[in-house]
Amino acid sequence: MSPRQNDKERQEDAIVARRLTNDTKLDMTLFAEYDVDGNMMLDFEEFYAMQPKRVREGFTSAAIRDWFNAADLDGNGVLSINEFFRWSLLNASQKHGSGVLQAAFRRYDRDGTGEIDALEFERACADMGFGAVAHKIFSGLDKDGSGTISYRELITLLTLEHPPVDLAAKQMLSQLVLSYSSDAHAAANPTSRIDTTGWTLHGHDAPSVRLSLQQLLRESGCHVADLIKLFDEDADMKLAIDFMEFHNTMRHRFGFKGEQSTLAAVFDSIDTDGDQSIGFDEIYEFVRGRKHSLDARTSRKMLDPSSLRLEPPPLRERPGGKSRGSRRSSRGSGGSPGSPARRNSSEGGLVRVCSLRSIVWDVEVLRVLIQQMLERDNFSPSDLFVAGSRALDTAIPLNEDHAFLRSLSSSDSNVAFAASQASCLGQ
């Protein structure tokens, strides 16, 4: 295939993928709005409430319950974020055709193997609106712990996990499509969705103007994604407001007559990460007064490299009372002589901990201990590079360390534990 054909195929994939990401981003905002208890799950009441009015009025609660049950793969009565993500992908593929999923994921498969690793999956999820929980979703999909998933198998899995779409479900889905079409029209014509007639800003300094704006947006009763469209002049699904858009809306739609410096101060107070753009997470917190469950600032901590610590692996006592690490156990967890054994209350046995100084180091041992450190602190492998970039005040190119990232994402947990234990024993 010629380079020109490759470029054309990539452009076509980008166009098709955009249809998918627009829908999944909208689903993400709905999940954020209706996961009211912030547990990163939706019960049926929350799922029902998030359905468009067209669906709720056109179908019985029992019919929507059947749809919910089909998405609830483990049958525990709630949709986890993994189940919701799959539900969102399935709906998009049924709406736009089965090829949309393959085209979307193919964009991130740089070597054309049909598989994507954790880093590539994280980039895909970020574009789809689920970047904050990408590591959690990936772990649920990577059943064999290989560190990669086949997106072709994922597409097949979606088909197998969900029964064939019956007539009622197709009708329900068609109503969703009509609702999404309505949303697209509203994005291009924001005033058709929210009537701002009579909205008046009060106050003359930044704190009072900020409070007045917050009250207007909160009392509108609208979804945060729809409120963003009041400001978002380019009407895309990036769900972000730059200062010029903020300025124009405040002056021309809300009638603000004050100083430019006041507007700048209000904008900066909402733009908490200082990136010169107010994103969905920031405007949600501003309007609702709390962070939502998929907020990237909560799900992925602002990493402080100094908080990350390698720790030696625990050494569990063998049946009969002698620890595998008994010949080194006098060092204790910190390397001090006579450190007592710790009792593991959940297993009833003794757990002895070797020190880092007693480990027989090699590349595999280092990889395993880094992997365990990240899992302990709920960080993804790419988070480690983000932390390093901040510490060095320069961007670390992830592609140059791609193999290392993949190695951190892959390893059978039992093999990893055995390897780390063996390192303490000198085996």
Return a yes/no flag: does the stretch 42-53 have any residue that is in a helix (DSSP H, G or I), charged (D, E, K, R) and more than 24 Å from L141 (Cβ to Cβ).
yes
(1) in contact with a helix residue (DSSP H, G or I) (Cβ under 8 Å, 6 or more places away or on another chain); (2) modelled with pLDDT under 90; (3) in a helix (DSSP H, G or I): which one isn't true of E57, the others all being true?
(1)
Among residues belonging to the stretch 339-377 that are touching a helix residue (DSSP H, G or I) at 6+ places or on another chain (Cβ under 6 Å) and assigned to a loop (DSSP other than H, G, I, E, B), point out the one that is modelled with the lowest pLDDT.
C354
Could we say that A264 is part of a helix (DSSP H, G or I), more than 18 Å from E33 (Cβ to Cβ) and either in the same structural domain as N22 (by TED's automatic domain parsing) or at pLDDT below 50 (or both) here?
no
Would you mind stating whether A49 is of a type in the set (A, V, I, L, M) and at pLDDT 85 or above?
yes
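Give the residues of the stretch 27-51 that are at positive phi and either of a type in the set (F, W, Y) or assigned by TED's automatic domain parsing to the domain that holds I283 (or both), sorted by residue number. Spell out the reasoning first.
The first filter runs over the stretch 27-51 and keeps only residues at positive phi, leaving 38, 40.
Hits for the stretch 27-51: nothing passes.
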I'm trying to understand the selection: among the residues of the stretch 218-245, which are modelled with pLDDT under 90 and among the basic types (K, R)?
K229, K238
Can you find a residue that is modelled with pLDDT of 85 or more, assigned to a helix (DSSP H, G or I) and among the basic types (K, R) anywhere in the stretch 22-31?
yes
With D74, D127 as the choices, which residue is modelled with pLDDT of 85 or more and under 17 Å from F47 (Cβ atoms)?
D74
Enumeration of residues in the stretch 50-65 that are out of contact with any Leu (no Cβ under 9 Å at 6 or more places or on another chain) and either buried (at least 16 other Cβ atoms within 10 Å of the Cβ) or farther than 15 Å from W87 by Cα (or both)
K53, R56, E57, G58, F59, T60, S61, A62, A63, I64
Can you find, within the stretch 36-47, the residue that is surrounded by the most Cβ atoms within 10 Å (Cβ to Cβ) among those that are over 18 Å from the mean Cα position of the chain (by Cα) and within 10 Å of V78 (Cβ to Cβ)?
F47
Tally of residues being among the small types (G, A, S), modelled with pLDDT of 90 or more and surrounded by fewer than 18 Cβ atoms within 10 Å (Cβ to Cβ) across the stretch 183-211:
1
Could you run through the stretch 111-128 and say how many residues are in a strand (DSSP E or B) and among the acidic types (D, E)?
2
Of all residues in the stretch 147-164, count the ones that are assigned to a loop (DSSP other than H, G, I, E, B) and either at pLDDT 75 or above or surrounded by 15 or more Cβ atoms within 10 Å (Cβ to Cβ) (or both).
2
Are any of the residues in the stretch 48-56 over 21 Å from the mean Cα position of the chain (by Cα) and of a type in the set (S, T, Y)?
yes
Go through R210, R253 for me and flag whichever is in contact with a Gly (Cβ under 9 Å, 6 or more places away or on another chain), farther than 25 Å from M128 by Cα and not assigned by TED's automatic domain parsing to the domain that holds L30.
R210
Considering residues of the stretch 36-73 that are of a type in the set (D, E) and touching a residue at least 24 places away in the same chain (Cβ under 8 Å) only, the residue nearest to L90 (Cα to Cα)
D66
Check whether at least one residue in the stretch 83-92 is in contact with a Leu (Cβ under 6 Å, 6 or more places away or on another chain), small (G, A, S) and under 16 Å from F31 (Cα atoms), and report yes or no.
yes
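The values are calculated or read from the model by the stated rules, or taken from the named source; none is laboratory data. Please read all numbers here as calculations on a predicted model, not as lab measurements. We place every Cβ from the backbone using ideal geometry, glycine too, and count neighbours over all the protein chains shown.
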